[in-house]
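Heads up, the thing below is written out as structure tokens.
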Amino acid sequence: MGTVTTADGTTIFYKDWGPRDGQPIVFHHGWPLSADDWDNQMLFFLSHGFRVIAHDRRGHGRSSQTSSGHEMDTYAADVAALAGALDLRGAVHVGHSTGGGEVARYVARAEPGRVGKAVLVGAVPPVMVKSESNPGGTPIEVFDGLRAALAANRAQFYIDVPSGPFYGFNRPGAEVSQGLIDNWWRQGMMGAANAHYECIKAFSETDFTEDLKKIDVPVLVAHGTDDQVVPYEDSAPLTVELLRYGTLKAYEGYPHGMLATHPDVVNRDILEFVKS
């Protein structure tokens, strides 16, 4: 593990495992988590000879708790600083949820040769919030509710989310993992309340349409059809339509947190895409 200091003095924590001459896979976590959310994937791809890297977004995990920069342009600039410091070439960038938006913004602007492929899993692009141009989106009142719950009692809110819609544990017959719930809470409470509060706007209102159009590398778009956080119909199919080299992989009945509930299936499919 290590740290990178960005142009504005922010310290970004990252993990970097595996052979330095191996193809790098960079993992971008969702809100309000940390690099720790990728433990399963990092171990899996490490065992297949890849160099695996995951960072804590500013205001999350072990990175600086800054007073500003909690929006997608700065998130992408922080990734660029990390990629430059590690001199990553031909990297595969894998983003979940908010991290998928971060990947789209970064890859669209990355220096030539830095990125080989990208993977968006349960990701927020093209845009989440409902509007005249996005009639199938999620109403702004839903995101206002998230902000209100966070401000009122963040600790309880960070139990309620993973206990319910994030992993689909609110569905009849779901096999509930208390460990996943506890680890989600642990990661969330490591970060800064202000960063998490402002990130809700970043992940819900940022329009990634132009970013997706600019991406010129192959992209796998993987999404569960029972995603209660980022609804499938307003995300994955629309994203693939905007990509030059996009492949859609729908997972029937899988939840938003399918990387944790069904890692064996999703990891295998990402590996196949990376090697193709």
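The values are calculated or read from the model by the stated rules, or taken from the named source; none is laboratory data. None of these values were measured; they are calculated from a predicted model. FYI the Cβ positions are ideal-geometry reconstructions off the backbone, even for glycines, and counts take in every protein chain you see. Keep in mind that these areas ignore ligands, DNA and RNA; they rest on the heavy atoms of the full protein, side chains included. Shrake-Rupley method; radii C 1.70, N 1.55, O 1.52, S 1.80 Å.
Summary of values
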quantity	calculated
GluC sites (Glu not before Pro) restricted to DSSP loop in segment 191-276 with at most 14 other C-beta within 10 Å	GLU252
SER131 accessible area, 1.4 Å probe, all protein chains in place, Å² to nearest 10	50
The chain - charge dipole about Cα centre, Lys and Arg +1 at Cβ, Asp and Glu -1, debye rounded to 20	620
Probe 1.4 Å, all protein chains present, accessible-area order of LYS249, LYS117, largest first	LYS249, LYS117
Out-of-range pairs (alpha-carbon distance over 18 Å; input LYS15/LYS201; LYS214/LYS275; LYS117/LYS275; LYS117/LYS213; LYS117/LYS214; LYS15/LYS214)	LYS15/LYS201; LYS214/LYS275; LYS15/LYS214
Accessible surface of the chain [probe 1.4 Å, protein heavy atoms]: carbon and sulfur percent	52
Charge dipole magnitude, Cβ of K and R +1, D and E -1 - segment 51-98, Cα centre, debye nearest 20	180
Computed accessible area, SER63, all protein chains, 1.4 angstrom probe, square angstrom	10
Label assignment, Kirkwood radius over Cα pairs in Å derived from the structure, set [x] 22.6; [y] 18.4; [z] 19.7	[y]
Charge dipole (the chain, unit charges on Cβ, about Cα centre) - positive-most of VAL229, SER163, THR6	THR6
Distance histogram in 5 Å bins (all Cα pairs of segment 198-268, percent per bin)	3, 16, 22, 22, 22, 13, 2
ARG109-GLN178 pseudo-label distance in nm [points 7 Å out on the Cα-to-Cβ vector]	4.4
Exposure of ASP21 as accessible area (Å², to 10), given a probe of 1.4 Å and all protein chains	140
The chain, relative contact order in percent, only Cα pairs under 8 angstrom and at least six apart counted	20
DSSP beta bridge pairing in segment 1-99, given as percent antiparallel to the nearest 5	50
Whole-Å distance, taken between Cα centres, linking segment 44-99 and segment 138-157	26
Alpha-carbon centroids, segment 195-250 and segment 1-40: separation in whole Å	21
Probe 1.4 Å, protein heavy atoms only - accessible area per residue of the chain in square angstrom	40
Within segment 30-148: Cβ-based charge dipole about Cα centre, in debye rounded to nearest 20 (Lys, Arg +1; Asp, Glu -1)	320
Structure-based [θ]222 nm, the chain - -39500 (n - 2.57) summed over DSSP H runs of at least 4, per residue, nearest 500	-13000 deg cm²/dmol
Antiparallel bridge percentage (DSSP; both residues within the chain; nearest 5)	25
Selected from VAL107, VAL230, VAL265 as most flexible by GNM, with the chain as the system and alpha-carbon contacts under 10 Å	VAL265
